[in-house]
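Worksheet: one structure, shown below.
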Amino acid sequence: MSALDTFPKILLDNANKLASNPAIREKDYGIWQSWTWSEVATEIRKFACGLAAKGFKRGDKLAIAGDNRPKLYWAMTAAQCIGGVPVPMYQDAIADEFAHVIENADATFAVVEDQEQVDKLLEIKDRCQLLSEIIYEDPRGMTHYYQPFISSYEGIQELGAKFDQENPDFFMEEVNKSSGGDTAILLYTSGTTGRSKGVVLTFDNVIITARNGVEREGLNSHDEALAYLPMGWVGDNLFSYAQAYVAGYCVNCPESGETVINDMREIGPTYYFAPPPVYENILTQVKIRMEDASWISQKMFDYFMGVAKKVGTDILDKKPVSFADRLLYKLGDIFLYGPLKNVLGLSRIRLAYTAGEAIGPDLFLFFRSLGINIKQLYGQTEAMVFVCIQPNGEVYPDTVGTPAKDAEVKITEEGEVIYRSPGVFHSYYKEPEKTLETKTDEGWVYTGDAGYFLENGHLKIIDRVKDVGKMNDGTMFPPKYLENKLKFFPYIKEAVAFGHQKDYVTAFVCIDMQAVGNWAERRNLAYSGYTNLAAQPPVYELILDCINQVNRDLSEDPQLCNTQINRFLLLHKELDADDGELTRTRKVRRNFIDEKYPNLINALYDGSEKIKVQAQVKFEDGRVDTIEADLKIVEAQRVNIKEAEN
Amino acid sequence: MAEIEIQTAAAPAGRARQIGDIILEVEDITLTFGGLTAIDNVSFNVREHEIFSIIGPNGAGKSSMLNVINGVYHPQKGQITFNGKTRKQMKAHHSAAEGIARTFQNIALFKGMTVLDNVMTGRNKMMKSNFLTQAIYWGKGRREEMEHRRKVEDVIDFLEIQSIRKTPVGRLPYGLQKRVELARALAAEPKLLLLDEPMAGMNVEEKEDMCRFVLDINDEYGTTIILIEHDMGVVMDLSDRVVVLNYGGKITDGTPDEVCNNQAVIDAYLGVTE
């Protein structure tokens, strides 16, 4: 056999070298069922031959939809074995979105999890003329689907076993026909901007990237990962598929979406990936449960979390820490950190990643201080997940690390991040113009993200290029970066920063009704509603503290020093998607806000100390009401502001 | 109960199993408690694989009828033929052994036990190994337990209660407790399943789920189901046939359509102006 440049070849190699190691587990019937690498290879061979027997040919596309199931992962490799291309889809997509992907990808076969997915496919079958075969994994409810083009996974495998007997050389011949430059997989972007595009990735893209990641982090065949993120997402393809093949570690499929937390605790993964909201959820759970805990537990929690906050991250980063603190931390590990991590299923974590959006520093440091090595990475589908990773020992909350092996990252004159790496995608499927827009002939990919390198060589991502403005003194002004910094405070729900073509930066701030409400109750501060609470002087002081702290942070970054917030006001109402101020995914609609509140914005810049507002509010039942309020404008402290050189 | 007029009776569509021969024959049953006649000379039959509903106003004798069928009450008159065996009186354990399982109007689970243990009790009558081998979990007892656990896991999977497998029943919301009770009945692999108001007190979404499960059970396992339910929409949608009781007597039986249009039924539900 030639070099290990495709997944089928790696599979056969693993089946040889790691024959009796577990390759994949699934919790079913309440027990973890495992398959070794050699068993997996047998299963995949049968399925691949079955596909071939049904007429699936080299170059054909196989659509895949369902929760993370071993059989669906096997279907991916099976397609690759005979030269086909798997197209994993998001399992909770509606039928119409399925239709777009299947049509666009020219998928001829589909392997899906259950009746629900089959029904979706039947609904769109007329639109997707090429789709000729539907294969389901879970037979439940499938007894009266008589259509000849629907078959069960086992049925295909039986067919395959027979086919394999009749054509014993077929499988190996097909496997050896593919090489690294061939298409490995077609992944669809999430499509937040317009219709989703199919990203063509070759075996080289995927395997070299996976291998670089494995080498950098020292992953090996003893690691355990939990496959719980959607299969249609490139990250799952890397963590639950590509790297598992390359490193030979075991992937664990939870029983169902609702049992993930429990299953995670039973498995105790060593390698974990989650976007920030998942971590946030875990932290919230911990906080809620601590509130119900006994007095002594609460005291212990507070005390040892204090210790962890002080020295936990330093110990994790192997920095010098005094002997006494080390001792205290050890004690904390026995009484708090150990048991806590055990409950969360995080005891054995060696490596955890987060990516996708900015993560709050407090949240990030909470996990790190417990001794969980959580790191950020940066990349996109077009790069096969990552181009930058935080190196061990150099993990900072607000950077995304240094370029990965073989990856080059540059900043254009406009401040846009561009990169070139082995993972750079081949093309967008059937969209050559779009490919040219994104990727240059030399292989540089334009991300649309604005960012820059810090002195220590770490990349910092601040905003989308199209949103970054320029202040009058020439300083770049990334509104979302400032807003995120503000929103990391629990008291601040939303913020809108202004500064493009202005002399200084100002902001609207919306308080978090629940957090500030609780805070006010603890201080016996009476209030009658949102507008009233937001107008109270102590609340202004509370938010002023937050803003001053953001300003101090900003002053340490020479690039952003002048974007410190000068004046701000607390809005009289929450920004709301119903009022058009936010998108449905809770992103600020800047143009709309500029048009809706011109006098408020003016007041922030003309030096006035308060401004009267009259606003129409739409209630959920459709009624419209007017509220009137005087909004105070407050000046924050700014430090080390550089005067513009004229 | 004014809904009865506005319901449209749709025949259950796309069922895989053909309705078979008569599996349960109820003949001239009369049940009295002292001077009170709970059931008065009622006869009907249920066919294999059928979903059969018993409806009627409060106090019509519906739950008593179920209790007669599974041997909790012993009727003074009449006889019951189940699966070819005719008897005047049945003991509850006989009926269980014959393959009749039921759920209760008021949930009757072991609140302190986990869902898994509760469902396991549904297989109690099938456990053959003696107490000792079960206690020390060895040899035959162990093999048997594993076999039963496997069957129970099938049911847990079927009713989608994996995530609460190890949760004590007392901590579950009402709708889920109802589902656990159904799971326990199903674990006994019954030929005939008696459901006493399985959807009472549920919200719309829970009701829809439960309907789906009732249909799926009938479909996948071929279980014959006798259902007592007050929600006429549910009854008319699910049932193959319906029997209507009032003051212990039978008014009529037939398909949902026939029953809906029967004047005596409408009178019983809406009252008659004299």
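Among the residues of the range A:540-557, are any in contact (Cβ under 8 Å) with a residue 24 or more places away in the chain, more than 27 Å from A:Asp473 (Cβ to Cβ) and under 30 Å from the mean Cα position of the chain (by Cα)? Scanning the range A:540-557, I find no residue that is in contact (Cβ under 8 Å) with a residue 24 or more places away in the chain, more than 27 Å from A:Asp473 (Cβ to Cβ) and under 30 Å from the mean Cα position of the chain (by Cα), so the answer is no. Scanning the range B:142-159 for residues being under 20 Å from A:Gly141 (Cβ atoms) and among the basic types (Lys, Arg) gives a total of 1. Considering B:Arg142, B:Arg123, the condition of being away from chain A (no Cβ under 14 Å), of a type in the set (Lys, Arg) and closer than 30 Å to B:Cys211 by Cβ is satisfied by B:Arg123 alone. Restricting attention to the range A:46-82, the residues that are within 14 Å of chain B (Cβ to nearest Cβ) and either over 25 Å from the mean Cα position of the chain (by Cα) or without any contact (Cβ under 8 Å) to a residue 24 or more places away in the chain (or both) total 0.
Output the residue which, of all residues in the range B:159-170 that are assigned to a helix (DSSP H, G or I) and within 14 Å of chain A (Cβ to nearest Cβ), is surrounded by the most Cβ atoms within 10 Å (Cβ to Cβ). Show your work before the answer.
Pass one, the range B:159-170, residues assigned to a helix (DSSP H, G or I): B:162-164, B:169-170.
Filter once more, keeping what is within 14 Å of chain A (Cβ to nearest Cβ): B:162-164.
Working: B:Gln162: 21, B:Ser163: 20, B:Ile164: 23.
Across the range B:159-170, the extreme among qualifying residues is B:Ile164.
Residues in the range B:114-146 that are hydrophobic (A, V, I, L, M, F, W, C) and modelled with pLDDT under 90: B:Met126, B:Met127, B:Phe131, B:Leu132, B:Ala135, B:Ile136, B:Trp138, B:Met146. Taken over the range B:93-116, the criterion of being surrounded by fewer than 17 Cβ atoms within 10 Å (Cβ to Cβ) and out of contact with any helix residue (DSSP H, G or I) (no Cβ under 9 Å at 6 or more places or on another chain) is satisfied by B:His94, B:Asn106.
Residues satisfying the criterion are absent from the range B:226-235 (criterion: touching a Ser or Thr at 6+ places or on another chain (Cβ under 7 Å), more than 29 Å from B:Pro190 (Cα to Cα) and of a type outside the set (Lys, Arg)).
I'd like to check something: does the range A:346-357 contain any residue that is in contact (Cβ under 8 Å) with a residue 60 or more places away in the chain, under 20 Å from the mean Cα position of the chain (by Cα), assigned by TED's automatic domain parsing to the domain that holds A:Tyr446 and under 24 Å from A:Asp236 (Cα atoms)? Spell out the reasoning first.
Step one: of the range A:346-357, the residues in contact (Cβ under 8 Å) with a residue 60 or more places away in the chain are A:346-357.
With the extra rule that they be under 20 Å from the mean Cα position of the chain (by Cα), the set shrinks to A:346, A:349-357.
With the extra rule that they be assigned by TED's automatic domain parsing to the domain that holds A:Tyr446, the set shrinks to none.
No: the range A:346-357 contains no residue that is in contact (Cβ under 8 Å) with a residue 60 or more places away in the chain, under 20 Å from the mean Cα position of the chain (by Cα), assigned by TED's automatic domain parsing to the domain that holds A:Tyr446 and under 24 Å from A:Asp236 (Cα atoms).
Screening B:Leu195, B:Leu176 for residues that are away from every other protein chain (no Cβ under 14 Å), at negative phi and of a type in the set (A, V, I, L, M) leaves exactly one candidate, B:Leu195.
Of the residues in the range A:228-242, none is in contact with a Leu (Cβ under 8 Å, 6 or more places away or on another chain), of a type in the set (Ser, Thr, Tyr) and more than 29 Å from B:Glu153 (Cβ to Cβ). Residues in the range B:94-113 that are at pLDDT 90 or above and aliphatic (A, V, I, L, M): B:Ile100, B:Ala101, B:Leu109, B:Met113.
Quick grid of which residues meet (1) among the basic types (Lys, Arg); (2) at pLDDT 95 or above:
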{"residue": "A:Lys61", "(1), (2)": "yes, yes"}
{"residue": "A:Ala78", "(1), (2)": "no, yes"}
{"residue": "A:Pro86", "(1), (2)": "no, yes"}
{"residue": "A:Asp92", "(1), (2)": "no, no"}
{"residue": "A:Asp96", "(1), (2)": "no, no"}
{"residue": "A:Leu121", "(1), (2)": "no, yes"}
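Given the residues A:Thr183, A:Thr192, A:Thr202, which is the only one that is modelled with pLDDT under 95 and over 26 Å from A:Thr36 (Cα atoms)? Lay out the reasoning, then the answer.
Numbers: A:Thr183 fails: modelled with pLDDT under 95; A:Thr202 fails: modelled with pLDDT under 95.
One residue alone meets the criteria, A:Thr192.
The single condition among (1) part of a loop (DSSP other than H, G, I, E, B); (2) closer than 26 Å to A:Ile359 by Cβ; (3) among the small types (Gly, Ala, Ser) that A:Gly443 does not satisfy is (2).
Which residues, taken from the range A:453-476, are over 19 Å from the mean Cα position of the chain (by Cα), farther than 10 Å from A:Thr399 by Cβ and crowded, with 16+ Cβ neighbours inside 10 Å? Please lay out each step first, then the result.
Within the range A:453-476, the first condition is being over 19 Å from the mean Cα position of the chain (by Cα), and the residues that meet it are A:453-458, A:465-476.
Among the residues that remain, those that are also farther than 10 Å from A:Thr399 by Cβ are: A:455, A:465-476.
Across the range A:453-476, the qualifying residues are A:Val465, A:Asp467, A:Val468, A:Gly469, A:Met471, A:Thr475, A:Met476.
Examine the range B:251-270 for a residue that is assigned to a helix (DSSP H, G or I) and either within 14 Å of chain A (Cβ to nearest Cβ) or within 22 Å of A:Gly141 (Cβ to Cβ) (or both), and state whether such a residue exists. Before you say what the answer is, go through the steps one by one.
Just the residues of the range B:251-270 that are assigned to a helix (DSSP H, G or I), to begin with: B:256-260, B:263-270.
Those left that are additionally either within 14 Å of chain A (Cβ to nearest Cβ) or within 22 Å of A:Gly141 (Cβ to Cβ) (or both): none.
Taking every residue of the range B:251-270 in turn, none turns out to be assigned to a helix (DSSP H, G or I) and either within 14 Å of chain A (Cβ to nearest Cβ) or within 22 Å of A:Gly141 (Cβ to Cβ) (or both).
Restricting to the range A:14-45, name every residue that is within 14 Å of chain B (Cβ to nearest Cβ) and either buried (at least 18 other Cβ atoms within 10 Å of the Cβ) or of a type in the set (S, T, N, Q) (or both).
As a first pass, look at the range A:14-45 and keep what is within 14 Å of chain B (Cβ to nearest Cβ): A:26-33.
A:Glu26, A:Lys27, A:Gln33 - these are the residues of the range A:14-45 that are within 14 Å of chain B (Cβ to nearest Cβ) and either buried (at least 18 other Cβ atoms within 10 Å of the Cβ) or of a type in the set (S, T, N, Q) (or both).
Does B:Ile156 qualify as being closer than 17 Å to B:Met210 by Cα, in a loop (DSSP other than H, G, I, E, B) and in contact with a helix residue (DSSP H, G or I) (Cβ under 9 Å, 6 or more places away or on another chain)? No: the conditions fail for B:Ile156.
If you go through the range B:61-80 and keep only what is over 16 Å from B:Leu195 (Cα atoms) and surrounded by fewer than 23 Cβ atoms within 10 Å (Cβ to Cβ), you end up with B:Tyr73, B:His74, B:Gln76, B:Lys77, B:Gly78, B:Gln79, B:Ile80. Of everything in the range B:212-233 that is at pLDDT 90 or above, of a type in the set (A, V, I, L, M, F, W, C) and not in a strand (DSSP E or B), the residue that is nearest to the chain's Cα centre (by Cα) is B:Val214.
One line per residue, one yes/no per condition, for (1) more than 14 Å from every other protein chain (Cβ to nearest Cβ); (2) surrounded by fewer than 19 Cβ atoms within 10 Å (Cβ to Cβ); (3) among the hydroxyl-bearing types (Ser, Thr, Tyr); (4) touching a residue at least 12 places away in the same chain (Cβ under 8 Å):
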position: A:Glu137; (1), (2), (3), (4): no, no, no, yes
position: A:Thr143; (1), (2), (3), (4): no, yes, yes, no
position: A:Asn176; (1), (2), (3), (4): yes, yes, no, yes
position: A:Val206; (1), (2), (3), (4): yes, no, no, yes
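In the range B:31-147, counting only strands (runs of 3 or more DSSP E) that sit wholly within it, the ones holding 2 or more residues that are in contact (Cβ under 8 Å) with a residue 24 or more places away in the chain span B:36-47, B:51-55, B:77-82, B:100-103. Once the range A:235-268 is narrowed to residues that are of a type in the set (Ser, Thr, Tyr) and surrounded by 22 or more Cβ atoms within 10 Å (Cβ to Cβ), the residue that is nearest to the other protein chains (Cβ to nearest Cβ) is A:Ser240.
Taking (1) more than 34 Å from the chain's Cα centre (by Cα); (2) at pLDDT below 95 in turn, A:Ala161 satisfies each apart from (2).
Using beta carbons and a limit of 6 Å, which pairs, at least six apart or on different chains, have the first residue in the range A:93-122 and in the same structural domain as A:Tyr153 (by TED's automatic domain parsing) and the second one of a type in the set (Ser, Thr, Tyr)? Partner pairs satisfying both residue conditions: A:Val101/A:Tyr188; A:Thr108/A:Ser132; A:Val112/A:Tyr136; A:Val118/A:Tyr136. For the range A:51-68, the condition holds for at least one residue, the condition being that it is assigned by TED's automatic domain parsing to the domain that holds A:Asn262, part of a loop (DSSP other than H, G, I, E, B), within 17 Å of A:Ser152 (Cβ to Cβ) and among the basic types (Lys, Arg).
The values are calculated or read from the model by the stated rules, or taken from the named source; none is laboratory data. Predicted model only: the values in this text are computed from it and were never measured. When we count neighbours, we look across all protein chains shown, and the Cβ atoms used for this are built from the backbone with ideal geometry, even at glycine.
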